[in-house]
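Participant: Would you mind keeping the following structure in view while I ask a few things?
The values are calculated or read from the model by the stated rules, or taken from the named source; none is laboratory data. Note that the structure is predicted; figures quoted are calculated from it, not measured. Cβ placement follows ideal geometry from the backbone for every residue including glycine, while neighbour counts extend to all protein chains displayed. For the accessible areas, the whole protein counts, side chains as well, though only heavy atoms, and no ligand, DNA or RNA atoms are used. Shrake-Rupley method; radii C 1.70, N 1.55, O 1.52, S 1.80 Å.
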Amino acid sequence: MATEQNPPKRVTTRTLQTMRDRDEAITMLTAYDYPTAKLLDEAGVDMLLVGDSLAMVVQGHDTTLPVTMDQMIYHAEMVGRAAKRAMVVVDLPFPEGQIEITRSIEASARVLKETHCHAVKLEGGAEQAGRIEAIVTAGIPVMAHVGLRPQNIHVDGGYRLQRDTEKLVADAKAAESAGAFAVLIECVPTEVAAAITAAVKVPTIGIGAGRDVSGQVLVTHDIVGLTSGYTPKFTRQFADLGTALKEAATGYCQQVRDGGFPSDQESF
Ligand code: KIV
């Protein structure tokens, strides 16, 4: 049994490759803070993603674009410290994965040096091959993100299903050849994700990409009911913490106003 003296065995790039080779489903969820990351890690999630989705679900922005590298580092440090078993991947926020390659290497190195996390994720495929190779050469594992690329929203004119099988397969193959240890596939039809998965040997992690991939990732706030407004078709709510939180706050306010809290037991 895993204890503080005997911590669980860390999930690594090799573990993930073995899981893909054995056809064992890989699980991944987003995390942005210590207590949530600790709970997800204890629940046995294989990979945690400090996603730039934190701009939307934590900071309340409309897109992922505003979050900065310093803010990513701040959140990643908490998640990395909490995770004892999961491999922790950190998004390179816009535009750290788009500008000079040396800046991407520096940003990725900050992730390994200043947080307790293990890899970075960057958006793009074939056009990012040189950048992926340079970051991996520097000793930093890279997960590529193909299909819908949220950082490209203003070029694409919105969030859309990506259907171009030939391009997406070429993107994933280029990322794999450049040294990416895994490919995240966002918002593509099931058969396109299946074609990508068949074309590469590294694990493929899908979000809105159907079942024929090596694993799944979702945004934690979506699955526990902490996002308000639009939720994408591909997510599923497994708990309603939003309602539970509101009920707890309502109960607390009522008891304070009624004089029911604090009681003698809760006083000195
Ligand atoms: O930032 C994020 O949450 C992502 C999702 C695709 C999982 O990249």
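Participant: So, in the stretch 1-38, exactly how many residues are more than 17 Å from V142 (Cα to Cα), modelled with pLDDT of 95 or more and assigned to a loop (DSSP other than H, G, I, E, B)?
Facilitator: Number satisfying all stated conditions: 9.
Participant: Based on this model, can you work out whether A175 counts as within 16 Å of the ligand (Cβ to nearest atom) and touching a residue at least 24 places away in the same chain (Cβ under 8 Å)? Steps first, please.
Facilitator: Working: within 16 Å of the ligand (Cβ to nearest atom): yes; touching a residue at least 24 places away in the same chain (Cβ under 8 Å): yes.
Against the criterion (within 16 Å of the ligand (Cβ to nearest atom) and touching a residue at least 24 places away in the same chain (Cβ under 8 Å)), A175 qualifies.
Participant: What is the residue count in the stretch 59-76 for residues that are within 18 Å of L48 (Cα to Cα) and open to solvent by 50 Å² or more (accessible area, probe 1.4 Å)?
Facilitator: The number of residues fulfilling the criteria is 2.
Participant: On to the next question. Restricting to the stretch 96-114, what's the tally of residues that are in contact (Cβ under 8 Å) with a residue 40 or more places away in the chain, within 16 Å of the ligand (Cβ to nearest atom) and either in a helix (DSSP H, G or I) or open to solvent by 10 Å² or more (accessible area, probe 1.4 Å) (or both)? Step through it out loud before you land on a result.
Facilitator: Taking the stretch 96-114 as the starting set, the residues that turn out to be in contact (Cβ under 8 Å) with a residue 40 or more places away in the chain are 97-98, 110, 114.
Now drop any that are not within 16 Å of the ligand (Cβ to nearest atom), which leaves 97-98.
This time we only want the ones that are either in a helix (DSSP H, G or I) or open to solvent by 10 Å² or more (accessible area, probe 1.4 Å) (or both), so: 98.
Qualifying residue count, the stretch 96-114: 1.
Participant: Report, ordered by the first and then the second residue, all pairs with beta carbons closer than 6 Å, sequence separation of six or more or different chains, a first member in the stretch 1-25 that is not assigned by TED's automatic domain parsing to the domain that holds A182, and a second member that is in a loop (DSSP other than H, G, I, E, B) and open to solvent by 80 Å² or more (accessible area, probe 1.4 Å).
Facilitator: If the second residue must be in a loop (DSSP other than H, G, I, E, B) and open to solvent by 80 Å² or more (accessible area, probe 1.4 Å), the pairs left are P7/K84; P8/K84.
Participant: Could you list all residues from the stretch 41-58 that are more than 13 Å from the ligand (Cβ to nearest atom) and open to solvent by 40 Å² or more (accessible area, probe 1.4 Å)?
Facilitator: Hits for the stretch 41-58 are E42, A43.
Participant: Scanning for something in contact (Cβ under 8 Å) with a residue 40 or more places away in the chain and either closer than 25 Å to G97 by Cβ or of a type in the set (V, I, T) (or both), does the stretch 234-246 turn up at least one residue?
Facilitator: Within the stretch 234-246, one or more residues are in contact (Cβ under 8 Å) with a residue 40 or more places away in the chain and either closer than 25 Å to G97 by Cβ or of a type in the set (V, I, T) (or both).
Participant: Oh, and also: Could you say whether any residue in the stretch 179-190 is free of Cβ contacts under 8 Å to residues at least 24 places away in the same chain and surrounded by fewer than 21 Cβ atoms within 10 Å (Cβ to Cβ)? Give the steps one after another, and end with the answer.
Facilitator: From the stretch 179-190, those free of Cβ contacts under 8 Å to residues at least 24 places away in the same chain are 190; that's our starting set.
Pick out the ones that are also surrounded by fewer than 21 Cβ atoms within 10 Å (Cβ to Cβ) and you get 190.
The answer is yes; a qualifying residue exists.
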